[in-house]
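A short worksheet on the structure shown next.
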Amino acid sequence: MSQMARRSTQLLKHLISTRSQSDSLGSKRWVTYMHRPGDGTPRPVTMIPGDGIGPLVTGAVEQVMEAMHAPVYFEKFDVHGDMKAVPTEVLESIRKNKVCLKGGLVTPMGGGVSSLNVQLRKELDLYASLVNCFNLPGLPTRHDNVDIVVIRENTEGEYAGLEHEVVPGVVESLKVITKFCSERIAKYAFEYAYLNNRKKVTAVHKANIMKLADGLFLESCREVATKYPGIKYNEIIVDNCCMQLVSKPEQFDVMVTPNLYGNLVANTAAGIAGGTGVMPGGNVGAEHAVFEQGASAGNVGNDKIAAQKTANPVALLLSSAMMLRHLQFPAFADRLETAVEKVILEGKYRTKDLGGTSTTQEVVDAVIDALD
């Protein structure tokens, strides 16, 4: 190769390297969120600390929001799972603010007391539950490359609460599935996949046994799928789904489910990806959104964890990042998520459920220190 050719080759390599670095820097320097005038005005958010570990983890969110100077402020209400109904003033606050952040509300077993969580979903028509189950860098799990979004119908199915005693010793519980609710949850799942560059939607069902009810759900999903030809669609029976989740979870992307199956699938996926203490989630309808820990699996009312002040705040911190993005504060959401991920990756401050010995407050302090 001649000297001129070598010089040309070196110059070309330099230009390519410089362009690559410029593109990398440019993506951070030039691509930004252009807000509308007035978008920086602090937004009111209804807060329900709830039961058990709820006050601890919602308190953690308050501290981090204050440290970030996030443009939100909280209207707090004292609500507990043993109440007969959600207080009217709480519903009015959520309807006014459009957004709520809540800790867990314990539902008493039996006794005829209805779940306040279910009441909230029905009163506000929060028809879609979304739980994101994914691997966090630095947190060891059995499976890698897990990034599953479980989208669950939230207002009917077995949770309709239509039960009665036919004769003494015989109880009938009705599972209600409608075309309207099945169609709108399918639309939400496919729209989510489309807007978030997801490649596949899997419908979870038991139509081999419940041929009419789950058959209607599947029929609705299939009809919606035809309108999104760029997104792969498949179906899986719920028992096989559970087996596949624990053996090969990386095959799933977005999952759309009726009410009860979604609860089981979301908690299973959360356990696979790192535990309920780190999985964010929320419930959304046409007008309102309520953000909470994505999967509870019994830890909400754990009095021992609450007394020891060792509840994991990560799930609700990530849920509050989802809330910030929902409120169109993406830079604050990015800062919070980055800080949480940094603390998890370093591994110095972790609560007992993640193999550590830290208290809730120690994790919160670490996240605040990690904020950019």
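The values are calculated or read from the model by the stated rules, or taken from the named source; none is laboratory data. As the structure is a prediction and not an experimental result, all values here were calculated from the model. Note that we place each Cβ from the backbone using ideal geometry, even for glycine, and neighbour counts take in every protein chain shown. Side chains are part of the model used for accessible areas, which takes the heavy atoms of the whole protein and leaves out ligands, DNA and RNA. Shrake-Rupley method; radii C 1.70, N 1.55, O 1.52, S 1.80 Å.
Scanning segment 260-278 for residues that are of a type outside the set (Phe, Trp, Tyr), closer than 24 Å to ILE237 by Cβ and in contact with a strand residue (DSSP E or B) (Cβ under 8 Å, 6 or more places away or on another chain) yields LEU260, GLY262, ASN263, VAL265, ALA266, ALA269, ALA270, ILE272, ALA273.
Of all the numbered requirements in (1) buried (at least 19 other Cβ atoms within 10 Å of the Cβ); (2) more than 17 Å from VAL238 (Cβ to Cβ), HIS164 misses one, and that requirement is (1). Contact annotation: residue pairs with Cβ atoms under 7 Å, 6 or more positions apart or on different chains, pairing a residue in segment 55-74 that is modelled with pLDDT of 95 or more with a partner that is part of a helix (DSSP H, G or I) and of a type in the set (D, E, K, R), are MET68/ARG335; PHE74/GLU62. Return yes or no: is ALA193 assigned to a helix (DSSP H, G or I) and either under 20 Å from MET109 (Cα atoms) or of a type in the set (Gly, Ala, Ser) (or both)? It is true that ALA193 is assigned to a helix (DSSP H, G or I) and either under 20 Å from MET109 (Cα atoms) or of a type in the set (Gly, Ala, Ser) (or both). With respect to the conditions (1) more than 18 Å from the chain's Cα centre (by Cα); (2) farther than 15 Å from LEU136 by Cα; (3) open to solvent by 10 Å² or more (accessible area, probe 1.4 Å), PHE329 lacks only one, and its number is (1). Taken over segment 251-282, the criterion of being under 30 Å from GLY215 (Cβ atoms), among the polar types (S, T, N, Q) and open to solvent by 10 Å² or more (accessible area, probe 1.4 Å) is satisfied by GLN251, ASN263, ASN267, THR268.
If only one of VAL86, VAL131, VAL99, VAL118 is closer than 30 Å to ILE272 by Cα and either of a type in the set (Asp, Glu) or open to solvent by 10 Å² or more (accessible area, probe 1.4 Å) (or both), which one is it?
Numbers: VAL86 fails: closer than 30 Å to ILE272 by Cα; VAL131 fails: either of a type in the set (Asp, Glu) or open to solvent by 10 Å² or more (accessible area, probe 1.4 Å) (or both); VAL99 fails: either of a type in the set (Asp, Glu) or open to solvent by 10 Å² or more (accessible area, probe 1.4 Å) (or both).
Only one candidate passes the filter, namely VAL118.
Matching residues to (1) touching a helix residue (DSSP H, G or I) at 6+ places or on another chain (Cβ under 6 Å); (2) modelled with pLDDT under 95:
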{"site": "GLU156", "(1), (2)": "yes, yes"}
{"site": "ILE185", "(1), (2)": "no, no"}
{"site": "MET210", "(1), (2)": "no, yes"}
{"site": "SER220", "(1), (2)": "yes, no"}
{"site": "ALA225", "(1), (2)": "no, no"}
{"site": "TYR233", "(1), (2)": "yes, no"}
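Number of residues in segment 187-220 that are open to solvent by less than 20 Å² (accessible area, probe 1.4 Å) and among the polar types (S, T, N, Q): the value is 2.
Here GLU235 fulfils each of the conditions (1) crowded, with 20+ Cβ neighbours inside 10 Å; (2) more than 28 Å from THR351 (Cα to Cα) apart from (1).
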